[in-house]
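Peer 1: I have a structure I would like to understand better, so I am pasting it below and will then ask my questions one at a time.
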Amino acid sequence: MRITFYGVRGSFPVAHTKVSKVGGNTSCVALRAEGAPTLIFDGGTGLRQCGRELMNEGFGDGQGQAAILFSHTHWDHIQGFMYFEPFYRAGNEVTVVARAQHGARLKQVFQGQVESDYFSYGLGSLRSSVDWKGVAEGETFQLGPYTIETVRLNHPGIAIGYRVTLEGKTFVYMTDTAPYDDQLLGEGFHERKPDTDPKVIAELEGYGEALETFVSGADLLLYDTFFTPEQYSANPHWGHSTPDEGIRLARQGGVPRFYNFHHHPEAWDDELEGRTRDYQTRLGGSDLEIGLAREGESVEL
Ligand SMILES: [Zn+2]
Ligand SMILES: [Zn+2]
């Protein structure tokens, strides 16, 4: 399988010469495998370029099959949705997967962002078929030849991570999440203090252990490294993580390749490149490859 990065930023897209090497579009990653539907993770502004390339891979003839799997529906993960060209060619088949919290409402969540106050046309203008599929965190399902597992992430409103396995290769897509150390985010907010309800602490520890199991044995972990450890300390409730926490998970799970992803909008090229080299030297070594997700680049598994 081949993983290609189309959008690697978090929060909002950035246009600036200082991000020209790493890229400024928001979250979108594609997984291609011979003879299988294309899987796309999140539909941030990177989805536009992804769709353009797919038009030369069968989608231009109305014969493409893809699934877009959303971590959650915050702006930086959905803003490319209506700019995905394969939607506008009859015959293409697209499955939209997102957390089942939205259930039957899933389509309305996407319709909401294209109400006439915000956009020129609605979902009725899409020409491909669209299958709306809600999944529960922790659910495992089959999509064509892929086995896909999900896990709850620590993010305001809850996000989900995906673990995709095909022919013995496994890719884990895990953004947006805070470590399960300091607080439990979701529908509410619980800070971990000495007097915190033991039930909340047990929940935190359970979710944390579930993440460790989830990444275990994967070939590649793509992870939310929005913050440096210092930035995280200042804003632990934002629902984002650090390279240190991701590398800990990768090491614990015996994952050989770890890629930094969902970069802070003000993390310039030099800083991200320098930091990645530094982590490779300090915490990577010869048995863990620490990479930097850059727009337009691919990783083969
Ligand atoms: Zn995000
Ligand atoms: Zn978010």
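Peer 1: Just to be sure, is Glu53 assigned to a helix (DSSP H, G or I) and at negative phi? Give the steps one after another, and end with the answer.
Peer 2: Details: assigned to a helix (DSSP H, G or I): yes; at negative phi: yes.
Considered against the rule, which asks whether it is assigned to a helix (DSSP H, G or I) and at negative phi, Glu53 comes out as yes.
Peer 1: Can Ile40 be described as away from ligand 2 (no atom under 16 Å from the Cβ), touching a Cys at 6+ places or on another chain (Cβ under 9 Å) and either part of a strand (DSSP E or B) or farther than 16 Å from Leu143 by Cβ (or both)?
Peer 2: It is true that Ile40 is away from ligand 2 (no atom under 16 Å from the Cβ), touching a Cys at 6+ places or on another chain (Cβ under 9 Å) and either part of a strand (DSSP E or B) or farther than 16 Å from Leu143 by Cβ (or both).
Peer 1: Provide a single number: the residues in region 65-86 that are crowded, with 21+ Cβ neighbours inside 10 Å and either away from ligand 1 (no atom under 16 Å from the Cβ) or β-branched (Val, Ile, Thr) (or both).
Peer 2: 8
Peer 1: Another question, if that's okay. I'd like to verify a number: residues in region 183-221 that are over 19 Å from His72 (Cβ atoms), of a type in the set (D, E, K, R) and under 22 Å from the mean Cα position of the chain (by Cα), how many?
Peer 2: Adding up the residues that qualify gives 3.
Peer 1: Now for a separate question. If only one of Ala202, Ala218 is among the aliphatic types (A, V, I, L, M) and touching a strand residue (DSSP E or B) at 6+ places or on another chain (Cβ under 9 Å), which one is it? Working first, answer last.
Peer 2: Values: Ala202 fails: touching a strand residue (DSSP E or B) at 6+ places or on another chain (Cβ under 9 Å).
Checking each option against the conditions leaves just Ala218.
Peer 1: Of all residues in region 4-34, which are among the β-branched types (Val, Ile, Thr) and either surrounded by fewer than 24 Cβ atoms within 10 Å (Cβ to Cβ) or within 16 Å of ligand 2 (Cβ to nearest atom) (or both)?
Peer 2: Quick first cut of region 4-34, residues among the β-branched types (Val, Ile, Thr) only: 4, 8, 14, 17, 19, 22, 26, 29.
Within region 4-34, Thr4, Val8, Val14, Thr17, Val19, Thr26, Val29 meet the criteria.
Peer 1: What residue, among those in region 190-238 that are in a strand (DSSP E or B) and buried (at least 20 other Cβ atoms within 10 Å of the Cβ), is farthest from ligand 2 (Cβ to nearest atom)? So that I can check it myself, show each step before the final result.
Peer 2: Going residue by residue through region 190-238, those that are in a strand (DSSP E or B) are 190-191, 220-224.
When the remaining residues are screened for being buried (at least 20 other Cβ atoms within 10 Å of the Cβ), the result is 220-224.
Details: Leu220: 22, Leu221: 19, Leu222: 16, Tyr223: 14, Asp224: 9 Å.
The selected residue is Leu220.
Only the coordinates and a few stated rules stand behind these numbers; no lab work does. All figures in this text were calculated on a predicted structure; none of them were measured in a lab. All Cβ positions, even for glycine, are placed from backbone atoms using ideal geometry, and neighbour counts span all protein chains on display.
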